[in-house]
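Right, one structure below, let's go through it.
Each reported figure results from applying straightforward, stated rules to the coordinates on display, with no laboratory input. Just so it is clear, the model here is predicted, and its values are computed rather than measured. Counting neighbours? That spans all protein chains shown, and the Cβs are built from the backbone with ideal geometry, glycine included.
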Amino acid sequence: MKKLRLSIASVAIGLLALSGCGQGGAPDAPAEGDGAQAEAPEYTVNDSADFKDSKTWKAAKDAGELKVGVKYDQPGLGNVKAGSEQPEGFDIEIAKMVAAQLGFSPDQIKYTETVSANREPFLQQGNIDMVVATYTINDERKKVVDFAGPYYVAGQDLLVAEDSDIAGPDDLDGKKVCSVDGSTPAQNIEEKYDKAELVAYDTYSKCVTDLQSGSVDAVTTDDAILRGYAKQYEGEFKVVGKPFTEEPYGVGLPKGDDAMRDAVNDALQKGMDDGDWKKAFEYTLGSADDVEMPEIDRY
Ligand code: GLU
């Protein structure tokens, strides 16, 4: 199998892809998702939160700041628009919802960009306290980090040009398919669809730039991520719409801090029970009517 590793993509179009350029809208208004609510949800901060048994929580509380790793170029999930410094999207809302239960207000969250490949190292090195970044829970990752959740289940899919004949992963033989280093979709292509030529970058927006220029035939990652790009490039790209894996999204945490993991699982469960999860979803991704909330796995 051939694999191209490209570290630098054409910056100009990439920045356009990152920015959500042309979408306009007030900073607080949702840009993605059909029927997304206009009003930003507010999560009640739990002022009596006390998780002193958690080393991570205690250090964050003492510093007055919770450090959260998120994506910056995934519209609808974790995205920083041009001219803004604030990330927004479903993952960002989940981070705020969880932070509130842990006793942190939104302005006490310090966001750091994580790309797919640096999520484990950042948690292991203590650069961040948690990761909320379309992060699939799996056994390999559990060897080095812990997960609370899942809070959503996505599936691997394909983004192709509107007029493409590619209808699923079996049509990728001899085709160039772009994904991201350190991601489960890239690993899946390498392991199961090895007649495809994998082009791997550090972020998906670079793949989208290549799809636009025609230098790759498809982009592969989770359907939730691809839908955001399809919306941004309406009329140009389509999501094939036949997911071929399950990607349960978890909140990544430093390994071995069980008190933190319990606290985050409780926060997610509370949000799912009291309607905050639904508000977060509808504010960022659209109607949650047909979306199933997953069961928390307290492994
Ligand atoms: N959910 C997959 C993963 O964690 C793909 C999305 C991503 O790379 O963030 O690898």
Query raised in the report: To the nearest whole percent, what portion of all C-alpha pairs in segment 77-187 is separated by more than 20 angstrom?
Result: 52 percent
Query raised in the report: Counting alpha carbon pairs within less than 8 Å and at least 6 residues apart, what relative contact order, in whole percent, applies to segment 105-213?
Result: 25 percent
Query raised in the report: Just from its helices, what would the mean residue ellipticity at 222 nm be for the chain, if runs of 4 or more DSSP H residues each count -39500 (n - 2.57) and the sum is divided by every residue, rounded to the nearest 500 deg cm²/dmol?
Result: -9500 deg cm²/dmol
Query raised in the report: Can you give the net charge of the other residues whose Cβ lies under 13 Å from the Cβ of Pro243, counting K and R as +1 and D and E as -1?
Result: -3
Report summary line: Taking the reciprocal of mean 1/r across every pair of different Cα atoms in the chain, the Kirkwood radius in Å is 19.3 Å
Report summary line: Distance in Å, no decimals, from the C-alpha centre of segment 213-264 to the one of segment 177-210 is 12 Å
Query raised in the report: Hey, rough spin-label estimate for Asp274 and Lys52, points 7 angstrom out along Cα→Cβ, what's it come to in nanometres?
Result: 2.4 nm
Query - Percent of Cα pairs exceeding the 15 Å cut-off, where the set is segment 170-241 - result: 49 percent
Requested in this report: Determine the sum of side-chain charges near Val131: Lys and Arg each +1, Asp and Glu each -1, restricted to other residues whose C-beta is under 14 angstrom from that of Val131.
Outcome: +2
Requested in this report: Return the long-range amide H neighbours of Val216 (sequence gap of 5 or more, or a different chain), with a cut-off of under 5 Å between placed amide H atoms.
Outcome: Leu211
Report task. Provide Lys142, Lys52 in ascending order of the number of other Cβ atoms located within 10 Å of each residue's Cβ, fewest first. Result -> Lys52, Lys142
Report summary line: Extend 7 Å from the Cα of Asp163 along its Cα-to-C-beta direction; within segment 231-245, residues with backbone N under 13 Å of that point are 236-237
Query raised in the report: Projected area of segment 138-257, taken from the Cα convex hull and averaged over every viewing direction, in nm²?
Result: 7.4 nm²
Report summary line: Scoring segment 154-280 by relative contact order with C-alpha pairs under 8 Å, at least six apart, yields a percentage of 34 percent
Report task. Consider all pairwise Cα distances in segment 219-299 and report the whole-number % of them above 15 Å. Result -> 68 percent
**Report entry** Residues Gln187 and Asp107, FRET efficiency given R0 of 41 Å [Cβ-Cβ distance, rounded to 0.05]
**Finding:** 0.65
Query raised in the report: How do Ile166, Ile225 rank when sorted from fewest to most other Cβ atoms within 10 Å of their own Cβ?
Result: Ile166, Ile225
Query - Cα-only Debye scattering, segment 49-114: base-10 log of I(q)/I(0) at q = 0.22 Å⁻¹ - result: -0.87
Report task. Could you list which residues have their amide H under 5 Å from that of Val153, counting only those 5 or more apart in sequence or on another chain, with H placed in the peptide plane? Result -> Tyr249
Report task. Report the net charge of residues surrounding Asp170, where surrounding means a beta-carbon distance below 14 angstrom and charges are Lys +1, Arg +1, Asp -1, Glu -1. Result -> -2
Report summary line: Percent relative contact order for the chain, counting Cα pairs under 8 Å at least six residues apart, stands at 29 percent
Query raised in the report: Across segment 131-140, in residue order, what do the Karplus-derived ³J(HN,Hα) couplings come to in whole Hz, using 6.51 cos²θ - 1.76 cosθ + 1.60 with θ = phi - 60° and x for Gly and Pro?
Result: 10, 10, 8, 6, 9, 5, 6, 8, 5, 4
Report task. Calculate the length of the line joining the C-alpha centroid of segment 41-80 to that of segment 137-155, in whole Å. Result -> 18 Å
Query raised in the report: Hey, got the Cα dimensions of segment 96-157 along the principal axes, in Å, largest first?
Result: 33, 26, 19
